[in-house]
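Asker: Mind having a look at this structure? Questions to follow.
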Amino acid sequence: MKRRPVLSAMVGLATLVVAGCGGSSSGAGEPAAAGGGTRTVEVTITPAKQYQPASVTVAPGEVVTFKVTNASGELHEFMMGDSHAHAAHEKEMAGMPMASMKMADTPNYVDIDPGQTKQLTWKFPAKAGMTVVFGSHIPGDFTGGLKGSVTVGG
């Protein structure tokens, strides 16, 4: 009988750990099924380490597929999330050696090699006025301006 409270505590802790590891960000929306977007937004990572376009507007609750092409000569990322998710990933990447920068893609994050194109599909919050950030956290990218925003319009 004493095992039930311990088990409940362990399940609760596991839920918090999983929630902090990416995937969905409460105020930023959530990953959606590939190919499930109502439209596609083409984004290019330029040789000057900028996203083009750097800002996008979506409808509340809209599902958008981002088709991201890396036109630069270096590895970059495309990560969607709220400020907390970006801060956590920035810290994670800062502690890695350059040889370990390439990571497995997740529902809210893709690594994009030079010349490569990848897609990420995202369902935006249903509340108008929200801003969701996308960016790259290869050291120097995010702080150097390789980031953009999605505004949820009304």
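Asker: When the residues of region 122-150 are filtered to those that are assigned to a loop (DSSP other than H, G, I, E, B) and within 11 Å of the chain's Cα centre (by Cα), which remaining residue is surrounded by the fewest Cβ atoms within 10 Å (Cβ to Cβ)?
Answerer: Kept after step one, since they are assigned to a loop (DSSP other than H, G, I, E, B), are these residues of region 122-150: 124-130, 136-146.
Add one more test, that the residue is within 11 Å of the chain's Cα centre (by Cα), and what stays is 136-137.
Details: Ser136: 29, His137: 26.
Out of the qualifying residues, it is His137.
Asker: I'd like to check something: does region 92-100 contain any residue that is modelled with pLDDT of 90 or more and surrounded by 15 or more Cβ atoms within 10 Å (Cβ to Cβ)?
Answerer: Filtering region 92-100 for residues modelled with pLDDT of 90 or more gives none.
Checking region 92-100: not a single residue is modelled with pLDDT of 90 or more and surrounded by 15 or more Cβ atoms within 10 Å (Cβ to Cβ).
Asker: In contact with a His (Cβ under 7 Å, 6 or more places away or on another chain), farther than 18 Å from Ala54 by Cα and of a type in the set (A, V, I, L, M, F, W, C): is that true of Met79 in this structure?
Answerer: Criteria not met by Met79.
Asker: So for region 104-121 (the condition being among the hydrophobic types (A, V, I, L, M, F, W, C), in a strand (DSSP E or B), over 19 Å from Ala28 (Cα atoms) and modelled with pLDDT of 95 or more), does at least one residue qualify? Break it down stepwise before answering.
Answerer: Taking region 104-121 and keeping what is among the hydrophobic types (A, V, I, L, M, F, W, C), we get 104, 110, 112, 120.
Within this subset, residues satisfying the condition of being in a strand (DSSP E or B) are 110, 112, 120.
In the following step, the residues that additionally are over 19 Å from Ala28 (Cα atoms) were identified as 112.
So of that shortlist, the ones also modelled with pLDDT of 95 or more come out as 112.
Yes, some residue in region 104-121 is among the hydrophobic types (A, V, I, L, M, F, W, C), in a strand (DSSP E or B), over 19 Å from Ala28 (Cα atoms) and modelled with pLDDT of 95 or more.
Asker: Can you tell me which residue among Met79, Met96, Met101 is more than 13 Å from the chain's Cα centre (by Cα) and in contact (Cβ under 8 Å) with a residue 24 or more places away in the chain?
Answerer: Details: Met79 fails: more than 13 Å from the chain's Cα centre (by Cα); Met96 fails: in contact (Cβ under 8 Å) with a residue 24 or more places away in the chain.
Being more than 13 Å from the chain's Cα centre (by Cα) and in contact (Cβ under 8 Å) with a residue 24 or more places away in the chain holds for just one of Met79, Met96, Met101, which is Met101.
Asker: Return the only residue of Gly61, Gly73, Gly153 being of a type outside the set (A, V, I, L, M, F, W, C), more than 19 Å from Thr40 (Cβ to Cβ) and surrounded by fewer than 17 Cβ atoms within 10 Å (Cβ to Cβ). It would help to see each step written out before you state the result.
Answerer: Numbers: Gly61 fails: more than 19 Å from Thr40 (Cβ to Cβ); Gly153 fails: more than 19 Å from Thr40 (Cβ to Cβ).
Exactly one of Gly61, Gly73, Gly153 is of a type outside the set (A, V, I, L, M, F, W, C), more than 19 Å from Thr40 (Cβ to Cβ) and surrounded by fewer than 17 Cβ atoms within 10 Å (Cβ to Cβ), namely Gly73.
Asker: Scanning for something assigned to a strand (DSSP E or B) and not charged (D, E, K, R), does region 80-94 turn up at least one residue?
Answerer: Quick first cut of region 80-94, residues assigned to a strand (DSSP E or B) only: 80-81.
In the following step, the residues that additionally are not charged (D, E, K, R) were identified as 80-81.
Among the residues of region 80-94, at least one is assigned to a strand (DSSP E or B) and not charged (D, E, K, R), which makes the answer yes.
The values are calculated or read from the model by the stated rules, or taken from the named source; none is laboratory data. For clarity, every value in this text was computed on a predicted model and none was experimentally measured. For neighbour counting, all protein chains shown are included, and Cβ atoms are generated from backbone atoms with ideal geometry for every residue, glycine included.
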